Amino acid sequence: MDTNVVLIGMMGSGKTTIGRLLAEKTGMEFIDLDELVERRAGMTIAEIFQGHGEEHFRDLESQVLEEIASSRHAVIATGGGIVKRAENRQLLRDLGLVVWLDAPAEVLAERIGEDPDRPLLSRSQPLKKLTQLLHERRDLYAETSHIHLDTTEHTPEEIAARILEELHERYKDEEEDVFATIVAIDGPVASGKSSLAKKVAKRLGFMHIDTGAMYRCVAFEAMRRGIPLDDQDALAELAHSLDIRYVEQPDDMPGRVLLNGEDVTEAIRAPEVSRNTSPVADIPNVRAELVRLQRQMALRGRCVLDGRDIGTVVVPEAHWKFYVVASLEERIRRRLVQHQQEGHAVDVERLRMDIIERDRRDRIRTHGALRLAPTATILDTTGISLEEAVEIVAALVGGSVGAPS
Ligand code: DC
């Protein structure tokens, strides 16, 4: 089951509380759209409304909604007015099961009480304003949702349990052994695992999770903020605070990596960032945080992850584990071509030393070192093309899970 649950409804309807409960019960990721908007803007919602007006807030909200469009297995709590835009209503329905949490205006007013951070509520007559907003939005909530639940007489626990029942009922036929749909691809620097993972994922219609990009994001942000690369506590804290997302693109276009909403896909590939990522990836608490996130993403199923420790640490239960290798000369050649295509100037000897050094660090780190998982298949890509490697992996996995190949 790789659907999301989207909670819509007025302020005071319990979207956040119920969303968190549901995520806890199911292990799904919890996404609070308002919180993401605040992080992007660096301001509270009340400040956005006061400083820039409602339309600006709606633009940010729509932008964040587009960014999370490739989420799977998440519980998403939305802002009350998100349904005002037709394109948002469509995006919400595309995300998964949309649940409208409803309650009469009197109940909402009582739950909200005196909250100064609700920019759309007039302080003098909140009930009147809530009644008017509910009146304006009822049809839009109804049009957007698959399920309508009145929360008046129920506790958040009861509502969460009810949504869970509904989920199982609707998706029971789709439940499958999640580990049979997880492909783990590990291997040394520039062995071709990322390109392979990307193409295999496209072929199978799976999500590609480039775990190296997450370590790169931490190093990149640390460099920008001037955090020393030996300050382990600060780096672990940074890893914990970053919002890293993959946004899939249609056809053969490469996916994008968003760091706190900013597209850093190319920036994190710069040679300087590669060099600084290795020491960052050595830090046990940075790894613990990123491994936790990677595992959470992996357990949504139907994904291809590439890295160093996927088959040994992140998802040792994955049915499909590949260990990709290639000769040093071949790996230098591939990285050279890649850097040139990306417009980064490189010196071949420096590249050789970088690869050797990063290989060494990958193999000796105390946590998450590069190791061959006992049940992994070794794939030597030295003499074969990327397309041939993709064929081998996609035929094995696709033949088994019945994905298009
Ligand atoms: O695969 P890559 O070159 O983008 O990885 C960047 C760095 O992150 C590299 O130094 C190894 C490290 N890494 C890791 O330690 N564990 C992973 N699962 C993925 C990458």
Inspect the range 112-127 for any residue being in contact with a strand residue (DSSP E or B) (Cβ under 7 Å, 6 or more places away or on another chain) and either surrounded by fewer than 19 Cβ atoms within 10 Å (Cβ to Cβ) or of a type in the set (D, E, K, R) (or both) and give the result as yes or no. no
Selection count where residues are touching a residue at least 60 places away in the same chain (Cβ under 8 Å) and either more than 9 Å from the ligand (Cβ to nearest atom) or in a loop (DSSP other than H, G, I, E, B) (or both), scope the range 262-274: 3
All but one of (1) part of a helix (DSSP H, G or I); (2) of a type outside the set (Phe, Trp, Tyr); (3) more than 10 Å from the ligand (Cβ to nearest atom) hold for VAL280; which doesn't? (3)
I'm trying to understand the selection: among the residues of the range 81-95, which are of a type in the set (D, E, K, R) and assigned to a helix (DSSP H, G or I)? LYS84, GLU87, ARG89, ARG93, ASP94
Six or more apart or on different chains, Cβ under 6 Å: which pairs go from a residue in the range 313-328 that's closer than 16 Å to GLY192 by Cβ and within 13 Å of the ligand (Cβ to nearest atom) to one that's open to solvent by 10 Å² or more (accessible area, probe 1.4 Å) and part of a helix (DSSP H, G or I)? Could you list them? VAL324/LYS193
If ARG58 satisfies all but one of (1) under 17 Å from the mean Cα position of the chain (by Cα); (2) in a helix (DSSP H, G or I), what's the number of the condition it fails? (1)
Expected output for the range 187-208 (first residue more than 13 Å from LEU386 (Cβ to Cβ), partner in a loop (DSSP other than H, G, I, E, B) and within 12 Å of the ligand (Cβ to nearest atom), Cβ below 7 Å, 6+ apart or cross-chain) is PRO188/LEU370
Go through the range 164-198 and report how many residues are over 19 Å from the mean Cα position of the chain (by Cα) and within 18 Å of GLY383 (Cα to Cα). 9
Out of the range 10-44, which residues are open to solvent by 20 Å² or more (accessible area, probe 1.4 Å) and among the aliphatic types (A, V, I, L, M)? MET11, LEU21, ALA41, MET43
Step by step: first the residues of the range 170-220, then only those that are acidic (Asp, Glu) and more than 10 Å from the ligand (Cβ to nearest atom), then the one that is modelled with the highest pLDDT. Which residue is that? ASP177
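Residues are listed down the side, and each one gets a yes or a no for (1) of a type in the set (Phe, Trp, Tyr); (2) surrounded by 13 or more Cβ atoms within 10 Å (Cβ to Cβ); (3) within 16 Å of the ligand (Cβ to nearest atom):
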residue	(1), (2), (3)
GLY343	no, no, no
LEU351	no, yes, yes
ARG371	no, yes, yes
PRO374	no, no, no
ALA394	no, yes, no
GLY398	no, yes, no
Search the range 52-67 for residues that are more than 18 Å from ILE31 (Cβ to Cβ) and pair each with any residue that is part of a helix (DSSP H, G or I) and open to solvent by less than 30 Å² (accessible area, probe 1.4 Å) when their beta-carbon atoms are under 8 Å apart and the residues are at least 6 apart or on different chains. HIS56/ILE48
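Under 23 Å from ARG292 (Cβ atoms), assigned to a strand (DSSP E or B), open to solvent by less than 20 Å² (accessible area, probe 1.4 Å) and touching a residue at least 60 places away in the same chain (Cβ under 8 Å): does that describe ILE76?
When the stated conditions are applied, ILE76 passes them.
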Any residue in the range 249-260 that is more than 13 Å from the ligand (Cβ to nearest atom), open to solvent by less than 30 Å² (accessible area, probe 1.4 Å) and on the phi < 0 side of the Ramachandran plot? yes
Expected output for the range 19-45 (first residue part of a loop (DSSP other than H, G, I, E, B), partner surrounded by fewer than 19 Cβ atoms within 10 Å (Cβ to Cβ), Cβ below 6 Å, 6+ apart or cross-chain) is THR44/GLU38
Among (1) surrounded by fewer than 20 Cβ atoms within 10 Å (Cβ to Cβ); (2) more than 10 Å from the ligand (Cβ to nearest atom); (3) farther than 27 Å from LEU379 by Cα, where does GLU289 come up short? (1)
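The values are calculated or read from the model by the stated rules, or taken from the named source; none is laboratory data. If you're wondering where the values come from, they're calculated on a predicted model, not measured in any experiment. Don't worry about glycine lacking a Cβ; one is built from the backbone with ideal geometry, like all the others, and counts go over all protein chains shown. In case anyone asks, the SASA skips ligands and DNA or RNA and just uses the protein heavy atoms, side chains included. Shrake-Rupley method; radii C 1.70, N 1.55, O 1.52, S 1.80 Å.
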